[in-house]
Every structure is written in C-alpha cells, then in structure tokens.
Amino acid sequence: MLDSLIQWLTSIIEHISPFVIVKQYENGIQLRFGKYLRSLEPGLYIKIPFVDEILTQHVVLTTLSLPAQSLVTSDNKNIVVEAMVKYKITDAQIFLLEVYDSVDAVSDISQGIIKELIMSSTWEQCRDNELDNGITKKVRNELKKFGVYVDKVTLTSISEIRTFRLINHSIFTP
C-alpha cells in the first residue's frame with residue numbers, strides 16, 4: 001500500500017516538475033500533447049508541466065539472451081539452439097514511437113532469422129563459426145529499420161538432441 005502511494009507521489013512530482021535530466025547513457029524524445037516535438041541528447045531540459053512528456057531510452061550496448069529453440073536441420077537432425085544478441089539503440093525516436101514492445105521485436109526477429117538459417121543448413125554447416133556472422137548480418141539489416149544496431153549475434157549453445165518415443169503406436173491398435 002505504501003509502495004503504491006510513493007509511486008503515485010513520484011509520478012505526480014515528475015509531471016509537475018518543469019525540468020528533466022536525460023542521463024549520459026540515455027537519449028530521449030519530447031512529446032507535446034502526445035505528439036513528437038524533438039529528440040533529446042543527454043543534458044538538462046525545460047518542459048511544460050502536464051503538457052510535455054519526456055520518454056527516455058538506454059542507448060548503451062545491451063545483451064539479450066534468446067530462449068532455446070528446437071529446430072530440424074536440412075539433413076533431418078533435431079537440434080537445440082540458444083543465442084545471445086548484443087545491440088544498442090541508434091535512433092530513440094523510431095525505437096520508442098514506431099515499434100510496440102521493441103525488445104520483443106528484437107527477440108522475435110532474431111529468433112526467426114536463426115530458425116530460417118539453421119533449417120536451411122546441414123548439421124555440419126551449423127557447427128561452423130561462420131554461421132554466427134551470417135546470422136548477425138541478416139539480423140543487423142532487419143533491425144536497422146527499428147533504430148537498432150546489432151553488434152553481434154552469438155549462438156551460445158547448439159547441440160543435437162535425440163527423440164524418444166515412450167509409447168509405441170502399435171500397442172493401441174486392435
């Protein structure tokens with residue numbers, strides 16, 4: 001109860017305050033009546049209380065761990081792949097205003113490209129270190145339009161899995 005009261009008071013103070021500080025590791029945008037006004041670099045800015053809203057976004061290098069994916073290679077090997085994406089925001093305006101849930105977009109696009117490249121490769125090609133570079137180039141090109149620069153996509157774990165059938169189909173047939 002006390003925590004929500006403190007959060008409410010903090011948000012009221014932020015709306016009343018005519019000053020905003022954009023920190024060194026952030027970029028921001030200023031909205032006036034909900035419409036884009038300008039981009040903000042780190043520094044001190046004046047805003048009109050209750051009229052202007054400042055949205056900030058960390059723009060330093062960030063890592064995102066992607067969940068494990070079970071895939072089948074072109075030579076019918078079942079594998080599990082885990083990956084990590086290192087990225088940073090290059091355009092806070094696009095990142096904040098044109099993409100809903102931007103971090104999910106980074107994750108989903110990266111996973112989709114990994115799936116596409118692995119399913120079109122053989123098991124031996126998947127074990128080659130050049131696969132990381134191919135994935136990075138494709139993800140970088142795709143996420144550039146969201147104001148994101150992808151530094152590197154790394155497959156942190158790639159292994160073959162065996163599938164086991166626990167119940168034999170012939171048991172249930174008369």
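All conditions but one from (1) crowded, with 17+ Cβ neighbours inside 10 Å; (2) touching a helix residue (DSSP H, G or I) at 6+ places or on another chain (Cβ under 6 Å) apply to SER121; the one that does not is (2). Checked against (1) assigned to a strand (DSSP E or B); (2) of a type in the set (Ser, Thr, Tyr); (3) more than 17 Å from LYS152 (Cα to Cα); (4) open to solvent by less than 50 Å² (accessible area, probe 1.4 Å), TYR87 passes all but condition (3). Of all the residues in region 2-39, those that are open to solvent by 90 Å² or more (accessible area, probe 1.4 Å), in a strand (DSSP E or B) and β-branched (Val, Ile, Thr) number 1. Looking across region 96-111, the residues that are open to solvent by less than 30 Å² (accessible area, probe 1.4 Å) and assigned to a helix (DSSP H, G or I) come down to SER102, ALA105, VAL106, SER107, SER110. Taken over region 7-22, the criterion of being aliphatic (A, V, I, L, M) and modelled with pLDDT of 90 or more is satisfied by VAL20, ILE21, VAL22.
Look at region 120-135: where a residue is touching a residue at least 40 places away in the same chain (Cβ under 8 Å) and a partner is loosely packed, with under 12 Cβ neighbours inside 10 Å, sitting 6+ places away or on another chain with Cβ atoms under 7 Å, you get THR122/ASP75; TRP123/ASP75.
Across region 85-98, what is the total count of residues that are under 11 Å from the mean Cα position of the chain (by Cα) and of a type outside the set (Ser, Thr, Tyr)? So the answer is 5.
Determine whether GLU160 is of a type in the set (D, E, K, R) and closer than 13 Å to SER107 by Cα. No, not satisfied. The single condition from (1) modelled with pLDDT under 95; (2) at negative phi; (3) open to solvent by 30 Å² or more (accessible area, probe 1.4 Å) that CYS126 fails is (3). Against the test of being part of a strand (DSSP E or B) and either touching a helix residue (DSSP H, G or I) at 6+ places or on another chain (Cβ under 7 Å) or within 22 Å of LYS23 (Cα to Cα) (or both), the options GLN57, GLN93 yield a single qualifying residue, GLN57. Scanning region 44-84 for residues that are under 20 Å from the mean Cα position of the chain (by Cα), closer than 15 Å to THR154 by Cα and open to solvent by less than 70 Å² (accessible area, probe 1.4 Å) returns THR62, LEU64, LEU66, ALA68, GLN69, VAL81, ALA83, MET84.
Taking each residue of region 25-43 that is closer than 13 Å to ASP91 by Cα and touching a residue at least 12 places away in the same chain (Cβ under 8 Å) and looking for partners that are β-branched (Val, Ile, Thr) and not in a strand (DSSP E or B) with beta-carbon atoms closer than 9 Å, six or more apart or interchain, yields GLU26/VAL59; GLU26/VAL60; ASN27/VAL59.
The values are calculated or read from the model by the stated rules, or taken from the named source; none is laboratory data. What you see is a predicted model; the values in this text were computed from it and never measured. Reconstructed Cβ throughout: ideal geometry from the backbone, glycine too, with neighbour counts over all protein chains shown. Areas reflect the complete protein model, heavy atoms only, side chains present, ligands, DNA and RNA absent. Shrake-Rupley method; radii C 1.70, N 1.55, O 1.52, S 1.80 Å.
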